[in-house]
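Data first, discussion second: the structure below is written as structure tokens.
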Amino acid sequence: MKLMQLPRTSDQQASNRLRLNTLIRLRWLAIVGQSAAVLIVGYGFNFPLPVSLCFLLIAASAWLNVVLALRYPAAHRLGPLSALGILMFDAIQLAGLLYLTGGLTNPFSVLMTVPVVISATSLPIRLTAIIGGFVVAAATFLMFFHMPLPWYPGNELAMPFIYVAGMWVAVVSSIAFTGVYAWRVAEEARLLANALNATELVLQREQHLSAIDGLAAAAAHELGTPLATIALVAREMERTLGSDTRYREDVTLLRSQSERCREILKRLNSLSSEMDTPLMRLPLTSMIEEVIAPHRDFGIKITLEPLERGGREPVGQRKPGVIYGLGNLVENAVDFAKANVWVRWRWNDAIVSITITDDGPGFLPDIIDRIGEPYMSTRQGTEPGGGLGLGLFIAKTLLERSGAALEFRNSSEAGEGAVVEITWSRDAFAAPEAQAEEAAS
């Protein structure tokens, strides 16, 4: 399927940036937690602890929060490098507190993963790798160099090196796992949001095209009254000046052109009436013909094969999303077919089904269960129509919105490749007027 890409405009890039207010709130939460921990350990348990140095680091974090809150509005979004700098400060501040309180023997050392996770959700992977590398380096430093872990006065809690090494492995593993996981989830969310935006744009375009007839009717209605006035004045002028050779031809031309305009408006009105009735309600076979018509002249033979037909032929509403979605699936089949595409359909009292099959290479087995996800290629090869899956995602989304269920598989028949089956319940497919007619019969 050909890829439909959304341009990365400045607005879209800004919307993906980290909000400064989010970092400020998270830092205030960290400040409260760090202050409570220092007070409880230093004064609640009376453990020897450099309280003044700890609160100096906590005050530096609070000072940065106040400066940022006064300098920028709450809705300000940080650029990648600015966000990296702030997160790097947080990592340094936390590493300093851990240095003063036992290094990796401190159970709070796991919090070193927090700046990496925040970076992974909002910054490019390259910047996340930088802050991740810095945090790993800091953890390695704290493994060997740190002040004693606060403990009861007169006793020193000496941790064996194997325990400290295990803590280092745990911290580094947490950084790697949570960072990659958070980045992957955030990236999929961004891709999905962009793909849904593209879907909405396509649907709006199709709806605008289908609304042209309504605009024509509105124009005919609005122009009817002034044109009637022009025609009336032209007839009066012809009656008064018709015998005057100086104005006879001009007046006659004016009246004839006003009559021509009235005929054009009548045709616009009749076109709108036609669009409101038969063309907005299509029998299944007519809908299929309309879908495949643009794809017949690409050197691929498209064969129509009606299968089971039980009861009256279903009549559906001409929904732009359905027409576009089916067209995308046929286009995908034509792009990858070697020579043939088969479009088969069937209906009965319960369902309406359309199956699109090609004789191409088929879907790759390892991704067939993920077909329809945005920005994922469904087939490999040198076909000029190959893309990254956004078009197929749009088609799937639009058809599912109409009530259809889609199944993607590879054919077991010799000479056939990929198969896409689209199935509606009869009630979901049929236009409301057609449902009423079937109920009445």
> Amide H neighbours of residue 362 under 5 Å, counting only residues 5+ apart in sequence or on other chains, H built in-plane at 1.01 Å?
Replying inline: 418
>> Quick query: amide H of residue 302 versus all other amide H atoms, modeled in the peptide plane; which residues come in under 5 Å with a sequence gap of 5 or more or a different chain?
In response: 341
> Based on the mean of other beta carbon atoms within 10 Å per residue, what is the order of 329-338, 180-189, most packed first?
Replying inline: 329-338, 180-189
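Rule-based calculations on the coordinates, nothing more; no lab input. Just so we're clear, the structure is a prediction, and the values are computed from it rather than from any experiment. Quick reminder, even Gly has a Cβ in these numbers, built from the backbone with ideal geometry, and neighbours come from all protein chains shown.
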